[in-house]
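Below: one structure, written as structure tokens.
The values are calculated or read from the model by the stated rules, or taken from the named source; none is laboratory data. In this text the structure is predicted, and so the values were computed from the model without any measurement. Note that we place each Cβ from the backbone using ideal geometry, even for glycine, and neighbour counts take in every protein chain shown. Heavy atoms of the whole protein, side chains included, go into the accessibility calculation; ligands, DNA and RNA do not. Shrake-Rupley method; radii C 1.70, N 1.55, O 1.52, S 1.80 Å.
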Amino acid sequence: MEHIDHLKVFETKIEQDINIEAKDWMPDDYRKHLIRQISQHAHSEVIGMQPEGNWITRAPSLRAKKILLAKIQDEGGHGLYLYSAAETLGIGRDELIQQLHDGKAKYSNIFNYPSLTWADIGAIGWLVDGAAIVNQVSLQRTSYGPYSRAMVRICKEESFHQRQGYEIMAKMMAGTAAQREMAQDAMNRWWWPALMMFGPHDTDSPHTGNAVKWKIKRQSNDTLRQKFIDKTVQQAEVIGLTIPDPDLKWNEEKKSYDHGEINWNEFREVINGNGPCNRQRMSNHIKAHEEGEWVRKAASAYSNKQKLRVSQ
Amino acid sequence: MENVKDTQWPIWEVFIQSQPGTPYKHAGSVHGSDKEIAMQNARDTYFRRNEGTSIWLVPTDCIIASNPDDAEMFFDPSNDKAYRHPTFYTMPEGALNI
């Protein structure tokens, strides 16, 4: 039997932009990196349902309520696509959820900020989903097949999310002085955390090396962040919102915006559990998981009983 | 029942037919304790926007996949049979509708 140089086959595929599939040989670190990244992404979708869920009962119209419900259901669906992709790597969803509850797996920092007013629902859709889209569009070309396909599916659904958020902001900016103030306040609170969603600067990003080499990540944190800034500034201007960054200015030479310093201390504080809502988000998730336990067990017991009946 | 460990239920692969007449295409997977619940979950997860008109579900452990390590050898027999393609044959000048 001919000996197969698995690493070489793998590296050739990566080099030629041929996707890696679930049953293909892959280096352990590639698998580990993917499990960490995809599960973090999945957890983010699911935890991200909470700040928006906070406003379902208080949405200002039936139209707004229906849209918000549909959006939150999408986030749940996106979480499931991603858990499904992670499971192809040989890890179970129960284990992934356990890692989240044990604090071993992270979710996006952004969801540790509170949604204080209705304008926050606009800002989350426009800025948070807007930032996520920039990242996810890039990830459609990630090297792992199941992850890439999940991203394609998610991207198809996300642009509704961003547009409904921007519509909320535009409506409020066309409203009363109090509404405009509320919209600007949401902008002020969400702008910087949205920029932090892209992660540390390229020079300080601990996971970038292998992820780029293996084409898990196709564009760097700073490149993606810049893309987001460049397209969002104009959208803010159109509806009369001010970007809360006095150092933001157009750079004619590089044809994009220069921006002010990001507060990385705040980023680290929130990652380490000291954001405004970390404990609440996690305890809600654990509570929902525990309260659903009897349902999962009952359905399993019912299924076992049916199987016994068939075999008798 | 107390001894049942936390279960996320068995996994089912979901195949979607986008419209009648087209082939079924793999969409992803869902968890379900039985086929009815798996079907409901597949609909809620993969059919929120008119994605199709029909679903196939297959328990994941029933899928038999070819071994990627053997791919070259396994699929090799189809590489050297040009006579299986219509372009292999020379047709007489002037023959129509063939």
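Given the criteria assigned to a helix (DSSP H, G or I) and open to solvent by less than 40 Å² (accessible area, probe 1.4 Å), does residue B:38 qualify? Give the derivation first.
Details: assigned to a helix (DSSP H, G or I): yes; open to solvent by less than 40 Å² (accessible area, probe 1.4 Å): yes.
Considered against the rule, which asks whether it is assigned to a helix (DSSP H, G or I) and open to solvent by less than 40 Å² (accessible area, probe 1.4 Å), residue B:38 comes out as yes.
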**Item:** Cross-chain or 6+ apart pairs with Cβ under 6 Å, the range A:133-154 first and under 23 Å from residue A:72 (Cβ atoms), then in a loop (DSSP other than H, G, I, E, B)
**Value:** A:151/A:140; A:152/A:140
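Quick one: how many residues across the range A:82-119 are closer than 30 Å to residue A:170 by Cβ and of a type in the set (Ser, Thr, Tyr)? Step through it out loud before you land on a result.
Taking the range A:82-119 first, the residues closer than 30 Å to residue A:170 by Cβ are A:107-119.
Now narrow it down to the ones that are of a type in the set (Ser, Thr, Tyr): A:107-108, A:113, A:115, A:117.
So the answer is 5.
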**Request:** Tell me which of these residue A:123 doesn't satisfy, since it passes every other one: (1) open to solvent by less than 30 Å² (accessible area, probe 1.4 Å); (2) under 19 Å from residue A:42 (Cα atoms); (3) part of a helix (DSSP H, G or I); (4) of a type in the set (A, V, I, L, M).
**Result:** (2)
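Just for the range A:75-98: of the residues that are in a helix (DSSP H, G or I) and within 7 Å of chain B (Cβ to nearest Cβ), which one is most open to solvent (accessible area, probe 1.4 Å)?
Of the residues in the range A:75-98, the ones in a helix (DSSP H, G or I) are A:75-87, A:93-98.
Now narrow it down to the ones that are within 7 Å of chain B (Cβ to nearest Cβ): A:77, A:80-81, A:84, A:87, A:93-94.
On the way: A:77: 4, A:80: 63, A:81: 8, A:84: 12, A:87: 26, A:93: 36, A:94: 45 Å².
Taking the candidates together, the pick is A:80.
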**Message:** Yes or no: the range A:161-179 includes at least one residue that is within 14 Å of another protein chain (Cβ to nearest Cβ) and of a type outside the set (D, E, K, R).
**Reply:** yes
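Look at residue A:185 and say whether it is open to solvent by 20 Å² or more (accessible area, probe 1.4 Å) and modelled with pLDDT under 95.
So residue A:185 does not fit the description; no.
Quick one: would you say residue B:14 is within 15 Å of the chain's Cα centre (by Cα) and more than 10 Å from chain A (Cβ to nearest Cβ)? Break it down stepwise before answering.
Values: within 15 Å of the chain's Cα centre (by Cα): yes; more than 10 Å from chain A (Cβ to nearest Cβ): no.
So residue B:14 does not fit the description; no.
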**Prompt:** more than 9 Å from chain A (Cβ to nearest Cβ), surrounded by 14 or more Cβ atoms within 10 Å (Cβ to Cβ) and part of a loop (DSSP other than H, G, I, E, B), is that true of residue B:51?
**Reply:** yes
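Conditions tested, residue by residue: (1) open to solvent by 80 Å² or more (accessible area, probe 1.4 Å); (2) of a type in the set (Val, Ile, Thr); (3) in a helix (DSSP H, G or I); (4) closer than 27 Å to residue A:110 by Cα.
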{"position": "A:10", "(1), (2), (3), (4)": "no, no, yes, no"}
{"position": "A:14", "(1), (2), (3), (4)": "no, yes, yes, no"}
{"position": "A:23", "(1), (2), (3), (4)": "yes, no, no, no"}
{"position": "A:26", "(1), (2), (3), (4)": "no, no, no, no"}
{"position": "A:30", "(1), (2), (3), (4)": "no, no, yes, yes"}
{"position": "A:37", "(1), (2), (3), (4)": "no, no, yes, yes"}
{"position": "A:41", "(1), (2), (3), (4)": "no, no, yes, yes"}
{"position": "A:52", "(1), (2), (3), (4)": "no, no, yes, yes"}
{"position": "A:57", "(1), (2), (3), (4)": "yes, yes, yes, yes"}
